[in-house]
Amino acid sequence: MRTPSLSRRAVIGLAAGACLGALASLAVRHRRVSTHTDDLLARLRTERGHVTANYNPDDLTGLPAPVGEYFETVLERGQRHVDGATLTQEGTFRLGGVESDWHPFAARQTYTVSPPGYVWDADIELAPYISARVLDAYVDGEGRLRANLLGAIPVATAGPDPRMNEAELQRYLSETPWFPTALLPAAGVTWEGIDDRTAEATIADGDVTATAVFHFDSPGQITRITADRYRQDTDEVGTWVGHYRAYERHDGMVVPTEAEVGWETADGEVPYWCGRITDIQYQGIA
């Protein structure tokens with residue numbers, strides 16, 4: 001007795017149906033990822049407070065010498081405090097150690113100052129026609145990381161939890177040189193001098209506190225930050241390092257337009273993010 005077999009047309013039809021089903025599933029997951037990102041951005045913008053203060057050299061009273069020199073260098077008298085900022089970035093990113101390949105990325109990042117928060121929405125090209133959409137955020141006192149292949153398939157997730165909350169607030173603190181009025185004491189940052197070229201900055205947001213050491217050069221610009229920061233890929237605390245370069249004036253403030261971030265290891269510093277700012281839009285200064 002012969003076993004019934006599918007015709008070639010039926011096989012092609014089933015394959016086509018399976019492909020359409022997979023594409024439909026990817027589309028649904030892609031919409032969910034986009035909706036989650038949009039929801040976080042909406043929450044961030046809704047909670048953004050408005051700062052009406054202007055920078056005055058009297059604000060520097062009691063600050064460590066390199067910190068005061070920094071503000072005198074990068075801010076103009078009467079500079080309006082920034083409520084928030086939106087940056088576009090491009091550069092390269094790698095997902096592993098020193099032997100890993102670098103991949104191009106493009107990102108858009110939105111910040112608020114009061115309360116401190118941000119959403120980093122990036123696309124990292126892993127191969128031709130294959131990318132990962134990465135969300136890194138600190139909103140409502142919670143830090144989280146989400147990575148989705150093709151913008152739909154989850155491949156990495158972390159937070160919110162106390163360690164990620166602190167780590168993501170540290171990231172916020174490290175990126176405030178892009179909107180430097182957020183480093184003033186009036187914005188909630190406290191400073192403690194270490195020596196004539198370094199000072200420790202601390203910011204608190206509810207139950208979350210973050211600290212980093214800022215390193216300054218003789219012209220009064222921030223060149224580097226260091227921090228003991230939780231890294232989710234190894235589930236331990238490591239020495240985190242950031243470098244700032246290519247300062248330019250934007251809306252009266254002198255800010256770095258290039259940066260590099262990495263981890264200190266037994267083999268030396270291993271960078272994983274190298275980028276440049278292609279556009280900056282500030283909120284609250286008009």
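List of remarks:
- Trp263 being closer than 19 Å to Ser100 by Cα, assigned to a strand (DSSP E or B), over 14 Å from the mean Cα position of the chain (by Cα) and modelled with pLDDT of 95 or more: yes
- Only listed residue being crowded, with 19+ Cβ neighbours inside 10 Å, in a strand (DSSP E or B) and either at pLDDT 95 or above or under 12 Å from the mean Cα position of the chain (by Cα) (or both), chosen from Phe105, Phe71: Phe105
- Among the residues examined, Pro128 does not qualify as surrounded by fewer than 16 Cβ atoms within 10 Å (Cβ to Cβ), in contact with a strand residue (DSSP E or B) (Cβ under 8 Å, 6 or more places away or on another chain) and not acidic (Asp, Glu).
- On inspection, Glu269 does not qualify as assigned to a strand (DSSP E or B), among the acidic types (Asp, Glu) and touching a Cys at 6+ places or on another chain (Cβ under 9 Å).
- Within the range 266-286, being within 29 Å of Glu47 (Cβ to Cβ) and either of a type in the set (A, V, I, L, M, F, W, C) or modelled with pLDDT under 95 (or both) holds for Trp273, Ile277, Ile280, Gln283, Gly284, Ile285, Ala286.
- Within the range 137-165, the only residue that satisfies the criterion of being among the hydrophobic types (A, V, I, L, M, F, W, C), more than 19 Å from Asp205 (Cβ to Cβ), in contact with a helix residue (DSSP H, G or I) (Cβ under 8 Å, 6 or more places away or on another chain) and part of a strand (DSSP E or B) is Ile153.
- Where Gly97 falls short, out of the listed (1) surrounded by fewer than 14 Cβ atoms within 10 Å (Cβ to Cβ); (2) more than 30 Å from His250 (Cα to Cα); (3) at pLDDT 95 or above: (3)
- Every listed requirement among (1) touching an Asp or Glu at 6+ places or on another chain (Cβ under 7 Å); (2) buried (at least 16 other Cβ atoms within 10 Å of the Cβ); (3) not basic (Lys, Arg) is met by Asp251 save one, (1).
- Strands (runs of 3 or more DSSP E) fully within the range 193-246 counting 1 or more residues that are of a type in the set (Lys, Arg) and under 18 Å from Asp136 (Cα atoms): 222-231
- Residue pairs meeting the criteria (Cβ under 9 Å; at least 6 apart or on separate chains; first at pLDDT 90 or above and of a type in the set (Phe, Trp, Tyr), in the range 39-63; second surrounded by fewer than 18 Cβ atoms within 10 Å (Cβ to Cβ) and in a helix (DSSP H, G or I)): Tyr55/Ala186
- Search result, residues across the range 154-163 that are under 19 Å from Gly262 (Cβ atoms) and either buried (at least 20 other Cβ atoms within 10 Å of the Cβ) or modelled with pLDDT of 95 or more (or both): Ala158
The values are calculated or read from the model by the stated rules, or taken from the named source; none is laboratory data. Small disclaimer: the values here were computed from a predicted structure and weren't measured. Quick reminder, even Gly has a Cβ in these numbers, built from the backbone with ideal geometry, and neighbours come from all protein chains shown.
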